[in-house]
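The structure appears right after this line, and notes come after that.
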Amino acid sequence: MKDSLSKLEDGRVQDHMTVRTRSMFSIKRQCIRVALAETLSTFVMMLFGLGSVAQVETGDGKFGEYLSINLGFGFGVAMGAHVGGKVSGAHMNAAVSFTMCVFGRLAWKMLPLYVITQFIGSFLAAGTVFFVYYDALMNYSGGNLTVSGPKATAAIFATYPAPYISISTGFLDQVVGTAILLLCLLALADKRNQPAPPGGESVVTGLLVLVIGISFGSNSGYAINPTRDLGPRVFTALAGWGLDVFRAGNSWWWVPLLAPLVGGVTGALIYTAFVEFHHPPCREDRENDDRECNGEEPFQQSIAEF
């Protein structure tokens with residue numbers, strides 16, 4: 001009896017019960033753990049990003065400005081990376097996942113899992129922002145959910161080109177934006193160059209997204225992410241904006257799906273060709289392990305915090 005009381009007092013019984021509960025209900029299959037983490041990290045990133053747009057737009061500029069949106073997405077990426085970084089790599093971007101597959105750093109069979117979970121996370125975030133800001137949306141738009149016009153609100157959720165932007169220019173805009181994203185991500189993850197400081201990878205990646213928005217955001221909203229754009233676009237089509245979300249901007253919707261894939265691979269190729277491929281051989285007595293020394297650090301692991 002005294003032994004049992006002693007165990008209760010020092011918490012050993014409670015710890016044992018916690019371990020048993022976790023072993024009973026925790027998910028062991030890696031693909032499911034990856035799916036859950038990628039969904040949640042994408043949801044968090046998009047929740048902050050879309051929420052910042054909704055606040056600025058429905059507030060008519062009283063509760064922020066364009067920089068607020070850049071900050072919302074930048075720090076949203078940083079927070080999303082913390083949510084799922086060590087489990088799924090927190091890609092939160094189909095262009096990142098696709099590029100990793102092209103460069104052999106992620107199995108192709110994993111690509112559908114990443115794309116689907118990123119889509120789900122983005123879709124759910126759009127729905128959450130819609131319901132949280134529903135009254136504000138109705139007040140701002142007068143109850144009319146439109147894609148174009150002075151009180152259009154569809155651009156809160158998905159990206160649309162500026163009226164003066166052609167499809168070809170918009171395509172180039174997305175290619176360049178995503179190329180610089182992947183180029184810099186590879187640089188930040190390159191252990192043989194000047195990588196992001198340990199523990200600071202998420203913040204640095206958020207700052208990267210922030211500076212891309214500041215530099216390349218005005219043409220078409222810098223989607224630079226197919227799943228970030230498609231999930232909310234599908235949600236708006238179902239929530240009341242209708243199929244105009246696919247017709248607007250000369251059927252713009254396919255540009256943020258395809259162009260970031262081209263841009264991601266292009267940016268990774270440029271960094272590899274200009275920098276990573278030319279790292280000199282390591283000295284045999286180098287203390288680092290052979291994989292890092294030979295530049296074979298797995299991309300998914302090296303950007304796990306991103």
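The values are calculated or read from the model by the stated rules, or taken from the named source; none is laboratory data. The structure displayed is predicted, hence computed values, not measured ones. All Cβ positions, even for glycine, are placed from backbone atoms using ideal geometry, and neighbour counts span all protein chains on display.
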(Q) For the list (1) in a helix (DSSP H, G or I); (2) farther than 28 Å from residue 266 by Cβ, I need the number of the one condition that residue 145 fails. (A) (1)
Q | Residue list for segment 173-226, restricted to those being among the aliphatic types (A, V, I, L, M) and farther than 16 Å from residue 70 by Cα | A | 175, 176, 179, 180, 182, 183, 185, 186, 187, 188, 189, 196
Q) What single numbered condition from (1) over 17 Å from the mean Cα position of the chain (by Cα); (2) touching a residue at least 60 places away in the same chain (Cβ under 8 Å); (3) part of a loop (DSSP other than H, G, I, E, B) fails to hold for residue 152? A) (2)
Q. In segment 219-240, what residues are buried (at least 21 other Cβ atoms within 10 Å of the Cβ) and assigned to a helix (DSSP H, G or I)?
A. 226, 227, 228, 229, 230, 231, 232, 233, 235, 236
Q) Of the conditions (1) in a loop (DSSP other than H, G, I, E, B); (2) modelled with pLDDT of 95 or more, residue 28 fails just one. Which one is it? A) (2)
Q) Out of all the residues in segment 195-218, which are of a type in the set (S, T, N, Q) and crowded, with 18+ Cβ neighbours inside 10 Å? A) 202, 205
Q.
For the condition hydrophobic (A, V, I, L, M, F, W, C) and farther than 24 Å from residue 130 by Cα, what is the one hit in 239, 223, 248, 179?
A. 179
Q. Across segment 166-200, what is the number of residues that are more than 14 Å from residue 256 (Cα to Cα) and either touching a strand residue (DSSP E or B) at 6+ places or on another chain (Cβ under 9 Å) or assigned to a loop (DSSP other than H, G, I, E, B) (or both)?
A. 11
Q) Is it true that some residue in segment 116-130 is modelled with pLDDT of 95 or more, under 17 Å from the mean Cα position of the chain (by Cα) and assigned to a loop (DSSP other than H, G, I, E, B)? A) no
Q | Residue among 44, 34 that alone is farther than 18 Å from residue 206 by Cβ, part of a helix (DSSP H, G or I) and in contact with a helix residue (DSSP H, G or I) (Cβ under 7 Å, 6 or more places away or on another chain) | A | 34
Q) If you take the residues in segment 272-306 that are at pLDDT 90 or above and in a loop (DSSP other than H, G, I, E, B), which one is nearest to residue 100 (Cα to Cα)? A) 275
Q. Conditions: (1) surrounded by fewer than 12 Cβ atoms within 10 Å (Cβ to Cβ); (2) modelled with pLDDT under 95. Residue 251 meets all but one. Number of the miss?
A. (2)
**Q.** Candidates 269, 243 - the one that is within 24 Å of the chain's Cα centre (by Cα) and modelled with pLDDT of 95 or more
**A.** 269
**Q.** Where a residue in segment 182-209 is at positive phi and its partner, wherever it lies, is part of a loop (DSSP other than H, G, I, E, B) and crowded, with 21+ Cβ neighbours inside 10 Å, with Cβ under 9 Å and at least six apart
**A.** 199/305
Q) Which of the residues belonging to segment 57-105 are in a loop (DSSP other than H, G, I, E, B) and either on the phi > 0 side of the Ramachandran plot or surrounded by fewer than 18 Cβ atoms within 10 Å (Cβ to Cβ) (or both)? A) 59, 60, 61, 62, 63, 64, 65, 89, 90, 92, 103, 104
